[in-house]
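Visitor: My structure is below; once you've seen it, I'll send some questions.
The values are calculated or read from the model by the stated rules, or taken from the named source; none is laboratory data. The shown structure was predicted, so the numbers you read here are calculated from the model rather than taken from an experiment. Because the Cβ atoms are built from the backbone with ideal geometry, glycine has one as well, and the counts that use them run over all protein chains shown. The area values use the complete protein model at the heavy-atom level, side chains included, leaving out ligands, DNA and RNA. Shrake-Rupley method; radii C 1.70, N 1.55, O 1.52, S 1.80 Å.
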Amino acid sequence: MEKFLSAVKAVCAISAGACIAENLVSGTSFRNQVRLMLRLLTAIVIITPFVSGSLDVELPDAESYNFPDYGLSEEVYSEELTRQVEENISAVLAQQVESAGIDCGKIETKVNISDDFSISIISVTVTAEDFETVSEIIKSSLGSETEVINGYSGSY
């Protein structure tokens, strides 16, 4: 590691010297030649430890680090995906009911998302005075086998 540190110091010194030398010869005709020589010198200083094999950089053992458990983030992602899908389906159904001219208080959808990301609608809970009409609109959109639950308790 000490040789690596000395190589880094040498590169810093060469870079500082190169900056000064380029500023000194910036107006002369051999500016490009000096720049080329300084870049070659920098490349030699960088490559020398690797070519000579004297650079021994030890990488730490990866097993000594604790990696976080990503199972929790998968669970959070799955829950958020389910919540977002339920909200989107409920919003679309509410728009369909409102476009039919029916006042609908609230529509809540319960879905199941499988491992292959297939979406199954488990139930739709509707809070509306005209439950039967809203139920028919929802069943015409989602299918007649869809369970539509009346969530109306007298006011919404």
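Visitor: Return the sequence-ordered ³J(HN,Hα) values of the range 74-89 in whole Hz as given by the Karplus equation 6.51 cos²θ - 1.76 cosθ + 1.60 applied to θ = phi - 60°, using x for Gly and Pro.
Guide: Karplus values, whole Hz, x for Gly and Pro: 5, 5, 5, 4, 5, 5, 5, 4, 4, 4, 5, 5, 4, 5, 5, 5.
Visitor: Taking all protein chains together and a probe of 1.4 Å, list Glu22, Glu86 from the most accessible to the least accessible.
Guide: The most accessible residue leads, giving Glu22, Glu86.
Visitor: Another one. List the GluC sites (Glu not before Pro) in the range 93-150 that DSSP assigns to loop (not H, G, I, E or B) and whose Cβ has at most 13 other Cβ atoms within 10 Å. Which are they?
Guide: In loop regions of the range 93-150 (DSSP not H, G, I, E or B), the sparsely surrounded GluC sites (Glu not before Pro) are Glu145.
Visitor: OK, next. So what is the accessible area of the range 2-49 per residue, in Å², with the probe set to 1.4 Å?
Guide: In whole numbers, the range 2-49 has 74 Å² accessible per residue.
Visitor: A further question on this structure: Given 0.36 nm per residue, what is the gain on full extension from Phe50 to Ser78 after removing their alpha carbon distance, in nm? Write down the numbers at each step before the final one.
Guide: On the way: separation 28, 0.36 × 28 = 10.08 nm, distance 4.80 nm.
That pair, Phe50 and Ser78, stretches by 5.3 nm at full extension.
Visitor: May I pose another question? Quick one: accessible area per residue over the range 77-156, 1.4 Å probe, rounded to a whole number of Å²?
Guide: With all protein chains present, the range 77-156 gives 62 Å² per residue.
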